[in-house]
Amino acid sequence: MLLTSEEMERRRPVWKAMSEFFLDNHLHDSDKQHIAEVLLKSGYSIDELQKILWGDISPVLWPNLILVAGEWTPWDMDFVEHQILSSPAGPVRRWCSYLAGGHVATSDWRDVVAIMSSSMKSDAL
């Protein structure tokens, strides 16, 4: 995956925030609120963010969600970034990562999308 330095700076906080979906712990409402704020600040649309979630993050981190004792401390983002950039996921890998374990993050993602949507409606008023 080739991204400009500007695009990398824009994506890094998004990757970090989304990586929390793939930790072996329960996200609280305050965690989801924080993730939503970071994602809104990025300027990406919800559709673009969804593509980043399932195309960049899930293919790298999904295995943690099916481990008996998965990682629960924040990810080493240098590792995550290296994995995303060095081995971009094609359609089959994205689909497999979702089915194999990434789907576990769907509930938290929906909650964050609802928070973002609510915030965008409030801002429009």
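The values are calculated or read from the model by the stated rules, or taken from the named source; none is laboratory data. Source: prediction; values computed, not measured. FYI the Cβ positions are ideal-geometry reconstructions off the backbone, even for glycines, and counts take in every protein chain you see. Just the protein is used for accessible areas: all its heavy atoms, side chains included, with ligands, DNA and RNA removed. Shrake-Rupley method; radii C 1.70, N 1.55, O 1.52, S 1.80 Å.
Starting from 0.36 nm per residue, how many nanometres of slack lie between S119 and W95 once their C-alpha separation is accounted for? List each step's numbers first, then the result.
On the way: separation 24, 0.36 × 24 = 8.64 nm, distance 2.99 nm.
Here the segment from S119 to W95 would lengthen by 5.7 nm.
Got a sec? What order do M18, M77 fall in by accessible area at 1.4 Å, biggest, i.e. largest, first? It would help to have the intermediate numbers written out before the result.
On the way: M18 0, M77 40 Å².
The most accessible residue leads, giving M77, M18.
Of M8, M120, which has the most accessible area with a 1.4 Å probe, and how do the rest follow in descending order?
On the way: M8 20, M120 90 Å².
My answer, sorted largest first, is M120, M8.
Just to be sure I understand the model, the point goes 7 Å from the Cα along the line to the Cβ. What's the resulting Q33 to F79 distance in nm?
Using points 7 Å along Cα→Cβ, the separation is 3.1 nm.
Tally Lys/Arg at +1 and Asp/Glu at -1 over every other residue whose Cβ is under 14 Å from the Cβ of S87; what's the total? If you can, show how the numbers build up before the last one.
On the way: positive: R93, R94; negative: D56, E81.
After counting each charged neighbour, the total is 0.
Given a 1.4 angstrom probe, I'd like the percentage of the accessible area of the chain that is carbon and sulfur, rounded to a whole number.
On the way: 4160 of 7370 Å².
Exposed carbon and sulfur together represent 56 percent of the surface.
Quick check: from the Cα gyration tensor, does the chain come out rounded (a/c under 1.5), prolate or oblate? Show your work: numbers first, answer last.
Values: a/c = 1.64, a/b = 1.21, b/c = 1.35.
Judged from the Cα gyration tensor, the chain comes out oblate (a/c at least 1.5, b/c at or above a/b).
Report the relative contact order of region 7-125, percent, no decimals, based on alpha-carbon pairs under 8 angstrom and at least 6 residues apart. Can you show the working numbers first?
Working: 106 pairs, mean separation 44.1, N = 119.
37 percent.
Roll a 1.4 Å probe over the protein heavy atoms and report the accessible area of W109 in Å², nearest 10.
10 Å²
Compute the accessible area per residue over region 4-105, keeping the other protein chains in place, probe 1.4 Å, unit Å².
Values: 5760 Å² over 102 residues.
Ligands and nucleic acids excluded, the figure is 56 Å² per residue.
When the dipole is taken about the Cα centre of the chain, and only Lys, Arg (+1) and Asp, Glu (-1) are charged at their Cβ, what size is it in debye, to the nearest 20? Can you show the working numbers first?
On the way: 11 positive and 18 negative charges, 71 e Å.
My answer is approximately 340 debye.
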